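Peer 1: Would you mind keeping the following structure in view while I ask a few things?
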């Protein structure tokens with residue numbers, strides 16, 4: 001299904017994709033640790049979701065940007081006058097939809113690195129790790145593999161699992177009824193759904209749409225609503241995208257990472273970005289030949305509430 005023409009990037013590709021209702025799956029080096037770039041921001045988002053659900057954080061709590069805290073790279077806060085005050089929801093929205101590096105650091109200041117990594121460990125995502133703030137020196141000793149991975153690491157399967165937890169609104173709570181691997185989940189209730197709806201709306205409004213959505217969205221979705229919720233991550237030799245794609249035959253999670261790319265340009269026709277788009281089109285067309293359906297992209301992904309939760313498994 002994933003042919004050579006679809007994956008003709010002059011670099012390396014690792015991916016994992018799963019259709020959640022049928023459990024169809026495909027992978028290429030699905031368990032290989034890779035550089036996440038900004039995709040690791042999904043781990044920060046998930047930690048924020050759980051803390052909001054538990055009453056330890058509030059969407060409307062004020063987060064202050066002080067002079068000198070802005071960093072370069074993606075985002076818009078570097079252009080804001082400081083000091084300025086945003087809400088936590090504002091900060092996370094900027095972190096997701098335009099991958100704002102300054103907003104990411106504000107979120108890290110709010111939740112800290114250790115709790116984010118502890119949450120990933122509790123979920124059984126042992127290869128998913130946030131190392132440090134963006135474009136800031138580390139303030140504590142770094143693991144030996146940090147120079148190799150930079151901001152964060154994960155595997156395609158683990159990041160697909162995390163995106164599945166977000167889409168299925170599985171907010172991790174220790175000691176509750178349903179156990180999947182090392183993670184324990186309470187039943188999804190109205191409070192969970194309220195939190196997840198906000199997070200999924202952020203992901204649906206992802207600004208960068210040149211990778212997984214590139215060939216899948218055939219019309220302007222800014223008014224009609226999108227069937228894709230995603231988080232991208234890019235470095236000179238790295239292009240990544242992890243997305244929920246709502247097909248008419250059911251929801252799919254695609255987790256595609258490219259690295260050691262020869263084309264390091266920053267145009268929309270970057271070779272690795274086109275490769276990701278072709279891979280996404282190949283997988284989605286095979287599993288959902290009648291196209292996409294954005295009407296059901298929300299907490300729970302439109303699946304029956306009594307559908308047993310099965311995390312991504314090896315193809």
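Peer 1: Hey, residue 64 hits all of (1) touching a helix residue (DSSP H, G or I) at 6+ places or on another chain (Cβ under 6 Å); (2) surrounded by fewer than 18 Cβ atoms within 10 Å (Cβ to Cβ); (3) assigned to a strand (DSSP E or B) but one; which does it fall short on?
Peer 2: Answer for residue 64: the failing condition is (1).
Peer 1: Being within 15 Å of the chain's Cα centre (by Cα) and on the phi > 0 side of the Ramachandran plot is the filter here; which residues of the range 92-124 pass it?
Peer 2: Listed by number, the list holds a single entry, 99.
Peer 1: Additional query: Could you tell me which of the residues 50, 18 is assigned to a helix (DSSP H, G or I) and either buried (at least 20 other Cβ atoms within 10 Å of the Cβ) or in contact (Cβ under 8 Å) with a residue 24 or more places away in the chain (or both)?
Peer 2: 50
Peer 1: Among the candidates 258, 232, single out the residue that is crowded, with 22+ Cβ neighbours inside 10 Å, under 12 Å from the mean Cα position of the chain (by Cα) and not in a loop (DSSP other than H, G, I, E, B).
Peer 2: Just a single option satisfies the conditions, and that option is 232.
Peer 1: Take the residues in the range 197-212 that are touching a residue at least 40 places away in the same chain (Cβ under 8 Å) and assigned to a loop (DSSP other than H, G, I, E, B); name whichever of them is farthest from the chain's Cα centre (by Cα).
Peer 2: For the range 197-212, the residue satisfying everything is 210.
Peer 1: Of the residues in the range 96-110, how many are surrounded by fewer than 21 Cβ atoms within 10 Å (Cβ to Cβ) and in a helix (DSSP H, G or I)?
Peer 2: 4
Peer 1: Working only within the range 67-89, note down all residues that are buried (at least 18 other Cβ atoms within 10 Å of the Cβ) and in contact with a strand residue (DSSP E or B) (Cβ under 9 Å, 6 or more places away or on another chain).
Peer 2: 74, 77, 86, 88
Peer 1: Take the range 113-140 and flag every residue that is in a loop (DSSP other than H, G, I, E, B) and closer than 11 Å to residue 154 by Cα.
Peer 2: Listed by number, the residues that qualify are 125, 126, 127, 128.
Taken together, the values in this text are just the output of simple stated rules run on the coordinates, not laboratory data. Computed from a predicted structure; not experimentally measured. Glycine gets a Cβ as well: all are built from the backbone with ideal geometry, and neighbour counts include every protein chain shown.
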